[in-house]
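Peer 1: Handing you a structure now.
The values are calculated or read from the model by the stated rules, or taken from the named source; none is laboratory data. These numbers were taken from a predicted model, which means no experiment stands behind them. Note: ideal-geometry Cβ built from the backbone for every residue, glycine included; neighbour counts use all protein chains shown.
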Amino acid sequence: MHEQIKIHNNIFDKDFREYWRNIWVNSKNWELHGSETVEEMQKGIWRRNFFNQQIDDEFLKDFICWKISKVTGFTFILKRMYVNCYNKNVGSEWHVDDGDHTILYYPQEWSQEFSGETVFRVEDKEYRLPYNTNSLVIFPAKTPHIALPHINPCGYRLTLALKTEAPK
């Protein structure tokens, strides 16, 4: 993996993962979302291909940020946090994010046969990161990346996305 892309494993304990899973499974706040570029939208091309859900619970956000900082040593200011949900056989388009760094957390029980890797493009080279349960990746927000389609039998692929800024 490229040195700008930092991977960390075993982030949260099983009890917290189950608690958090119950929150998003029972939420009614999912919004249809897409990965089209500004140019595509201006041309009338829309691909609403996944769902996302903003995390508004301040206690939950504070705990997640504290735990990530504690485990990784990475300090940051949170701009926003949300859950991405891709349906079976669906992935994203190549894109970059806003902010300074992006953190993606992979919460689901997962088998590598499901595919659904995240691919990063750095200096014209691609780096594949398998979906690894209870792991996260931190990378510069302007790094092009894509979520590949998956075949998870449960029907969806989740990531928790944190958009961050450097501390001042």
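Peer 1: So for region 43-64 (the condition being within 23 Å of residue 130 (Cα to Cα), of a type outside the set (Ser, Thr, Tyr), modelled with pLDDT of 90 or more and out of contact with any His (no Cβ under 9 Å at 6 or more places or on another chain)), does at least one residue qualify?
Peer 2: Within region 43-64, one or more residues are within 23 Å of residue 130 (Cα to Cα), of a type outside the set (Ser, Thr, Tyr), modelled with pLDDT of 90 or more and out of contact with any His (no Cβ under 9 Å at 6 or more places or on another chain).
Peer 1: Then there's this: What number of residues within region 10-33 are under 17 Å from the mean Cα position of the chain (by Cα), modelled with pLDDT of 85 or more and not aromatic (Phe, Trp, Tyr)?
Peer 2: 3
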